[in-house]
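In what follows, a single structure is set out as structure tokens and then discussed.
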Amino acid sequence: MIRLLVGTQNPGKQAEYRDLLADLPVIWVGPEEVGLADFSPAEDGDSFEVNARLKAVAFARRANLPALADDSGLEVDALAGAPGVYSARYGGPGATDVDRYRRVLEELDGVPAAARAARFVCVVALALPDGRVYTARGTVEGAIGDAPRGAHGFGYDPIFVLPDGRHMAELSPAEKHALSHRGTALARFKPTLLKVFAELDPD
Ligand code: ITT
């Protein structure tokens, strides 16, 4: 079976990829298993696509393995799309997930419910050691609530409200995968992944 490096240092993403890849014919490999526990490739692109490619290519080169990576984040319409590709850096160095979502809540203070539309975006990229790169994108539409709710998920999940009124962090992992930006991107990506893996490992 193919060993697939999941190139992310975010424990929330790692947990989700373990689930999302469970039915694919690959052996999940984390960065720490190939000596890359501290490896964080530069993410200096101006789009999720560019950054996802940068990360996947960097991990594939370093480990000489097929590598999957994603660049993802939250776009808030009332903040002109921020934090967007800067979602991980929002709140400055040393900020926690809670600091970051609090900053979004503060910036939206006084903004009425009807103007709090937002979406999560995920671009997932697969890079092969021979230089080939494939990508897929998924989004989920929602809004920013007034206060955090729920204990599942990670990142901005507690403040992201789905059209049915539930906050993303109130969903079980399976419920989140069924509608999330990452789950959707992976579902769209699966045919490509299966084709590439079958080529790499015909047996
Ligand atoms: P890697 O680059 O190592 O994968 P990262 O956390 O830096 O980890 P990104 O650069 O893609 O990843 O930043 C994504 C940001 O968006 C980060 O702050 C996450 O917490 C947040 N985010 C991504 N997916 C999310 C999700 O499913 N739910 C909530 N927040 C999410």
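The values are calculated or read from the model by the stated rules, or taken from the named source; none is laboratory data. The structure presented is a predicted model; accordingly, all values stated were derived computationally and were not measured. Note that each Cβ is placed from the backbone with ideal geometry, even for glycine, and that neighbours are counted across all protein chains shown. Please note that ligands, DNA and RNA were not included when accessible areas were found on the heavy atoms of the full protein model with its side chains. Shrake-Rupley method; radii C 1.70, N 1.55, O 1.52, S 1.80 Å.
When region 93-130 is limited to residues that are touching a Phe, Trp or Tyr at 6+ places or on another chain (Cβ under 8 Å) and farther than 26 Å from Ala178 by Cβ, the one that is surrounded by the fewest Cβ atoms within 10 Å (Cβ to Cβ) turns out to be Arg103. Within region 25-48, the only residue that satisfies the criterion of being touching a residue at least 60 places away in the same chain (Cβ under 8 Å), buried (at least 18 other Cβ atoms within 10 Å of the Cβ) and not in a helix (DSSP H, G or I) is Val26.
Step by step: first the residues of region 141-189, then only those that are within 12 Å of the ligand (Cβ to nearest atom), among the small types (Gly, Ala, Ser) and in a loop (DSSP other than H, G, I, E, B), then the one that is farthest from Val124 (Cα to Cα). Which residue is that? If we take residues in region 141-189 being within 12 Å of the ligand (Cβ to nearest atom), among the small types (Gly, Ala, Ser) and in a loop (DSSP other than H, G, I, E, B), then Gly150 is farthest from Val124 (Cα to Cα). In region 133-178, which residues are under 24 Å from Lys190 (Cα atoms), in contact with a Phe, Trp or Tyr (Cβ under 6 Å, 6 or more places away or on another chain) and among the β-branched types (Val, Ile, Thr)? The answer is Val140, and nothing else. Does Asn51 count as crowded, with 16+ Cβ neighbours inside 10 Å and within 11 Å of the ligand (Cβ to nearest atom)? In short, yes.
Residues in region 7-19 that are within 11 Å of the ligand (Cβ to nearest atom) and more than 11 Å from Ala63 (Cβ to Cβ): Thr8, Gln9, Asn10, Pro11, Gly12, Lys13, Gln14, Ala15, Glu16, Tyr17. Every residue in region 53-110 that is closer than 17 Å to Lys13 by Cβ and part of a strand (DSSP E or B), please. Within region 53-110, Ala67, Leu68, Ala69, Asp70, Asp71, Ser72, Gly73, Leu74, Pro83 meet the criteria.
Hey, among Gly73, Gly110, Gly91, which residue is at pLDDT below 95 and either near the ligand (Cβ under 9 Å from one of its atoms) or at positive phi (or both)? Testing whether each residue is at pLDDT below 95 and either near the ligand (Cβ under 9 Å from one of its atoms) or at positive phi (or both) leaves just Gly91. Would you be able to say whether some residue in region 81-88 is more than 21 Å from Thr184 (Cα to Cα) and either aliphatic (A, V, I, L, M) or open to solvent by 30 Å² or more (accessible area, probe 1.4 Å) (or both)? Checked region 81-88: at least one residue is more than 21 Å from Thr184 (Cα to Cα) and either aliphatic (A, V, I, L, M) or open to solvent by 30 Å² or more (accessible area, probe 1.4 Å) (or both).
Pairing residues of region 108-130 that are in contact (Cβ under 8 Å) with a residue 60 or more places away in the chain with residues that are assigned to a loop (DSSP other than H, G, I, E, B) and β-branched (Val, Ile, Thr), at Cβ distances under 7 Å and at least 6 apart in sequence or on separate chains, gives no pairs at all. Of the residues that sit in region 131-158 and are touching a strand residue (DSSP E or B) at 6+ places or on another chain (Cβ under 7 Å) and of a type in the set (A, V, I, L, M), which one is surrounded by the most Cβ atoms within 10 Å (Cβ to Cβ)? Filtering region 131-158 for residues that are touching a strand residue (DSSP E or B) at 6+ places or on another chain (Cβ under 7 Å) and of a type in the set (A, V, I, L, M), the one surrounded by the most Cβ atoms within 10 Å (Cβ to Cβ) comes out as Ile144.
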